[in-house]
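Readers should treat all values here as calculations from the given coordinates under stated rules, not as data from a laboratory. Please read these numbers as outputs of a predicted model, since none were measured by experiment. Counting neighbours? That spans all protein chains shown, and the Cβs are built from the backbone with ideal geometry, glycine included.
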Amino acid sequence: MKVDAPLVALGLNAVPEMARKIESLGYDGAFTFEGPHDPFFPLALAAEHTEHIELMTAVAIAFARNPMTIANISRDLNDLSGGRMITGLGSQVKPHIERRFSMPWSQPAARMREFVLALQAIWSAWQDRTPLQFEGEHYRHTLMTPFFDPGPSEFGKPRVHLAGVGPAMTEVAGEVADGFLIHPFSTPEFVKDVTLPALSRGAARVGRSVGDLELTWPVMVISGETEEAFATAELIVRTQIAFYASTPAYRVVLEHHGLGEIQTVLHRMTREGNWADMPGMINDEVLDLFAVRGELKKVAPGLLERTLGVVDRVSINAPYESDPGAWSQVVSEIKATL
């Protein structure tokens, strides 16, 4: 099982040093996410300043962009990194797509399926010299003149991993993606009972199995070297879980544990603009459903208990600024166990 680190930096100028450090500490990959900053720019710097770690967006929001822009960016980063790029894509939810990104929203699972198929058609036009003739309900790409065609790459086509929560999007990943990113707002029970069966159904449509996909789980982790650092990490993760739990599309996870009413309350709080009180709605029982929490020596066993035998790679999802070196002990312990 591979172990990935979050590439979280205060600015782009800090990325090269952090990426080099992640590689030197024995991680297998580094990932960015769509938050306050663009997820692709840091990977360009990381590609330039590392040699072997894989580089992943986990995730970039597909519907904030279009297949051609993602095709270009992913191709360039894959070439720059020597084939180490993994394009992790997610859908986000309707309010963010329409009101934050000012982009269209409809039929998210069907739209994502088309998005990935369009990506593959564009890359095939460049790599295999196949005429570009993709016509779907949501995306249409039928023009590729020589000026805009980069031609074949010595590193082949980029890999695409999809993120999902509900069964419909998860089935799409099983059908069209190279890998699947289990959402951080997942529990071992939900993965076993809902995620893996949905992936299997999607994969079976095209004669594949779940074993043909690379599965990644960015598990939220709460730890810290001091009481203050631990408290800060816990508050940030509670806040993150509260945000996820307020989302109607993610209610299915809470309902699997008989906690659906939490989503109703948190969603109402978002509509009232009461963001400050939302973390308080996440008690310790709920927190421990979604996160590995404890002193550093407990992190590796906690991650392995959730993920060993389930996924191909685990990501230490610390959505707060943290030194990758603090997790090096965790990486060593996981690799020593395998």
Which residue, 77, 49, 151, has the largest displacement toward the positive end of the dipole of the chain when charges sit on each Cβ (Lys, Arg +1; Asp, Glu -1)? 151
Could you compute the FRET efficiency for residue 130 and residue 204, with r as their C-beta to C-beta distance and R0 at 22 Å, rounded to 0.05? 0.25
Using the alpha-carbon centroid of each, what span in Å lies between the stretch 167-214 and the stretch 262-338? 21 Å
For residue 24 and residue 338, calculate 0.36 nm times their separation in residues minus their Cα-Cα distance, and state this gained length in nm to one decimal. 111.0 nm
Where the eigenvalues come from the Cα gyration tensor of the stretch 3-46, what are the semi-axes √(5λ) of the equivalent ellipsoid, largest first, in whole Å? 17, 11, 8
Most mobile of 77, 162, 12 per a Gaussian network model of the chain (Cα springs, under 10 Å)? 12
With n ≥ 4 as the cut-off for DSSP H runs, can you work out [θ] at 222 nm for the chain, using -39500 (n - 2.57) per run divided by the number of residues, rounded to the nearest 500? -12500 deg cm²/dmol
Under 16 Å from a point placed 7 Å out from the Cα of residue 103 along the Cα-to-Cβ direction: which residues of the stretch 69-92 have their backbone N that close? 69-75, 87-92
Report the Stokes-Einstein translational diffusion coefficient (µm² s⁻¹, integer) for the chain, Rh taken as the Kirkwood radius over Cα pairs, at 4 °C with viscosity 1.567 mPa s. 63 µm²/s
Under the rule of at least 5 residues apart or a separate chain, name every residue whose amide H is placed under 5 Å from the amide H of residue 183. 164
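So if the hydrodynamic radius of the stretch 224-293 is defined as the Kirkwood radius over C-alpha pairs, what does Stokes-Einstein give as its diffusion coefficient at 25 °C and 0.890 mPa s, in µm² per second?
Diffusion coefficient, whole number: 198 µm²/s.
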Summing Lys, Arg as +1 and Asp, Glu as -1, what charge do residues with Cβ under 11 Å from the Cβ of residue 150 carry, residue 150 excluded? -2
For a quick check: with amide H placed at 1.01 Å from N, whose amide H comes under 5 Å from residue 86's, ignoring anything fewer than 5 positions away on the same chain? 55, 56, 57
What percentages, rounded to whole numbers, describe P(r) for the stretch 25-147 computed over all alpha carbon pairs with 10 Å bin width beginning at zero? 13, 40, 33, 13, 1
What is the magnitude of the charge dipole of the stretch 224-293 about its Cα centre, with +1 placed on the Cβ of each Lys and Arg, -1 on the Cβ of each Asp and Glu, and no other charges, expressed in debye to the nearest 20? 400 debye
Within the stretch 224-265: backbone nitrogen closer than 17 Å to the residue 94 label point (7 Å, Cα to C-beta): 246-252, 264
Using 0.36 nm per residue of separation minus the Cα-Cα distance, give me the extension gain between residue 38 and residue 72 in nm, one decimal. 10.7 nm
If you count the DSSP beta bridges with both ends in the chain, what percent of them are antiparallel, to the nearest 5? 5 percent
Assign one of three labels to the stretch 208-338, namely rounded, prolate or oblate, based on the Cα gyration tensor with a ≥ b ≥ c the square roots of its eigenvalues; rounded applies when a/c is under 1.5, prolate when it is not and a/b is larger than b/c, and oblate otherwise. oblate
Between 202, 179, 11, where does the largest GNM mean-square fluctuation fall for the chain, given springs only between Cα atoms within less than 10 Å? 11
Please find, in a Gaussian network model of the chain (springs between Cα atoms separated by less than 10 Å), the residue of 235, 119, 143 whose mean-square fluctuation is greatest. 143
Which value, in debye to the nearest 20, gives the size of the charge dipole of the stretch 173-316 about its Cα centre, when Lys and Arg are +1 and Asp and Glu are -1 at the Cβ? 440 debye
Residue 312/residue 189 FRET efficiency (R0 22 Å; Cβ-Cβ; nearest 0.05): 0.65
